[in-house]
1. Using a cut-off of 11 Å between beta-carbons, work out the net charge of the residues near MET112 (Lys and Arg +1, Asp and Glu -1, MET112 not included).
2. At ILE171 and LEU121, where each label point lies 7 Å from the Cα along Cα→Cβ, what is the point-to-point distance in nanometres?
3. Give the relative contact order (percent, whole number) for the chain; include only Cα pairs under 8 Å separated by 6+ residues.
4. Per DSSP H run of n ≥ 4, the term is -39500 (n - 2.57); total these for the chain, divide by its residue number, and report the mean residue ellipticity at 222 nm rounded to 500 deg cm²/dmol.
5. Using a 10 angstrom cutoff on alpha carbons, build the Gaussian network for the chain and name the most mobile of ALA37, ALA142, ALA79.
6. Among GLY245, GLY354, GLY15, which one moves the most in a GNM of the chain with springs linking Cα atoms closer than 10 Å?
7. Return a whole-number percent for the relative contact order of the stretch 88-202, with Cα pairs under 8 Å and 6 or more residues apart as the contact set.
8. For PHE255 and SER2 in one chain, what is 0.36 nm times their gap in residues minus the Cα-Cα distance, to one decimal in nm?
Amino acid sequence: MSPGLIVLVLSLLLGLQPIATDLYLPALPALTAGFGAPMSQAQLTLTALLLCFGLSQLVWGPLSDRFGRRPVLLVGMSAFVAASIGSTFSPSMEQLIVWRAVQGVAMGAGVMCARAIVRDLYAPSEGARVMSKGLTGLGLIACTAAPVGGLLSDLFGWRVSLMSLAVFGAIALAVVAWRFEETLAQKNPRALEPRTLLNNWVLIGRHPTFWAFALLSTASYGGLFTFLAASSFVFIRVLGVSTTGYGVLMFSMSFTYILGTFLCRYLLPRLGLRRTVAIAGGMTLTAGTTIGVLGLLGVQSVWAILVPFWLFMLAHGVHQPCGQSGAVGPFPHAAGAASALSGFLSMAAAFLMGGWLGVSLAGIGAGQGSVLPLTNGLWFWSVLIAATAWTLVQRHGEPLSPPQRLVAEGGAAGAP
């Protein structure tokens, strides 16, 4: 496959996540009103998707190490299309939650395989730059997702917004079916054996480099999820932004994230991994503290949240490619398992945060409520990101030396 095709495939697979969240978020208040459902139940349409997304990766990862990335992607993308159609025609909120959970399971196959594909084809140092290109594509998709979702919801209703997920999934499925070639050079026939699975999880879980980057990626995504889960209610119901206007705000956020991925590719060869992540950590802490302090001071304004959050997203464009590629870097023969565990941690954090937000946002009504659940949540994750970037990544963030890498490869593959 050409480098351009690889980046396209990565962009489509990684783009499943913003498509399943960003495009649907502008319609969430209308969807909630349409079903006459409480706020906590509406949050379950997002948290159920993300919980199943995280859990499913623990299964998809070993399956892809055993049978290859291509068959897992074909099954996963087919299921994503079917679940998206089911979501569109759900007659009740309960059925919508079920279909969104199935959608999360299917999405896990695509995003997990994307991270594993990078490790199949590239060494860890090059993997961060290639991953940043794929995440640039994700950012472009996210840029269009929120405005399109808001426009479709305004013009045609929230069900059409959900149907557009099926269209995107069908495009991704077609590209994988017609152009994608298997990237796993050597399948592991023992990948699904209980002993091998246990050994791999133990070896991955004991590796300090994995934890440094997995926690960086998890905390960074935790901050993004907090914004995704709370911002539509805060901006639309508390601050009075229109649905279409909210889509435009989401576009600006995604565009800033794209700039962050370019910043990542600019800084890595000049400053190295540790300094790049440390600088981004300072940007994140500055953004989160500004948002948190303004919230505590009672400043309830769109710009008081959005402007510093642009800085957060700029740093997010650095943390995600470094975190996602760094977590799987030491495990070329168990990239699926390492990718799965890293993804699970992110989604577990998102699920817990979603439960807290569902309770905290319950009192929000038209023109009423507080921005504090959103601002305090962003402040919390910003502190955690900076702490990880300045401690664990600085201590364990450099690529392994060749002899160490050979040991890690053999052990992760279940070799004697």
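Coordinate-derived values only; no laboratory data. Owing to the predicted nature of the structure, the values given are computational and were not obtained by experimental measurement. No Cβ is skipped: glycine too gets one built from the backbone with ideal geometry, and neighbour counts run over all protein chains shown.
1. Combined, the nearby Lys, Arg, Asp and Glu give +1.
2. Distance between the two pseudo-spin positions: 1.9 nm.
3. It rounds to 28 percent for the chain.
4. So the calculated ellipticity at 222 nm is -28500 deg cm²/dmol.
5. Of the options given, ALA37 has the highest mean-square fluctuation.
6. Maximum among the listed residues: GLY245.
7. RCO, the stretch 88-202: 29 percent.
8. That works out to 88.5 nm of additional length.
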